[in-house]
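Take a look at the structure set out below.
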Amino acid sequence: MDPLLQLGIIFAFTFAGESLSRGLRLPIPGSIIAMVLTLLALLFGVVKERHLDTVGDYLLSHMTFFFIAPGVGLLAYTDLVSSIWLQLILVNLISFFLCYISASWTVVGVNLIIRRFRRG
């Protein structure tokens, strides 16, 4: 499938998630809603994996590029960061472990859902 069309599909899900989040004034970020919509579309066969694989792999392989601007932006606040560095490290460590645990449980849950869909 054409990579531009794949990117368009990804942007369509992103736009739909953002629109739902803002339009319904949900406390959930649009990006999260977009990921859930994408997952549901993949699970129910509306979108096939091959419709997203090329661009998805490309974006994942270049993910670090998307964090350069926020990282450089932190340099403007070195005085603030130096005064609270211990709290930042603590929050980052706790967040890391919570994300790791939630991602692990998500993988387990999605695997269970996939097995149930394949059985019938």
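Odds and ends about this structure:
- Counting only residues that are farther than 25 Å from residue 42 by Cβ and of a type outside the set (D, E, K, R), region 66-117 holds 31 of them.
- The lone criterion from (1) charged (D, E, K, R); (2) surrounded by fewer than 11 Cβ atoms within 10 Å (Cβ to Cβ); (3) closer than 30 Å to residue 5 by Cβ; (4) free of Cβ contacts under 8 Å to residues at least 12 places away in the same chain left unmet by residue 79 is number (3).
- Qualifying residue in region 73-83 (condition: in a helix (DSSP H, G or I) and under 30 Å from residue 118 (Cα atoms)): no
- Check on residue 118, surrounded by 10 or more Cβ atoms within 10 Å (Cβ to Cβ), under 30 Å from residue 3 (Cβ atoms) and not aromatic (Phe, Trp, Tyr): no
- Count of residues meeting criterion [surrounded by 10 or more Cβ atoms within 10 Å (Cβ to Cβ) and of a type outside the set (A, V, I, L, M, F, W, C)] in region 65-76: 0
FYI, it's all coordinate maths here, none of it is from the lab. The structure displayed is predicted, hence computed values, not measured ones. No Cβ is skipped: glycine too gets one built from the backbone with ideal geometry, and neighbour counts run over all protein chains shown.
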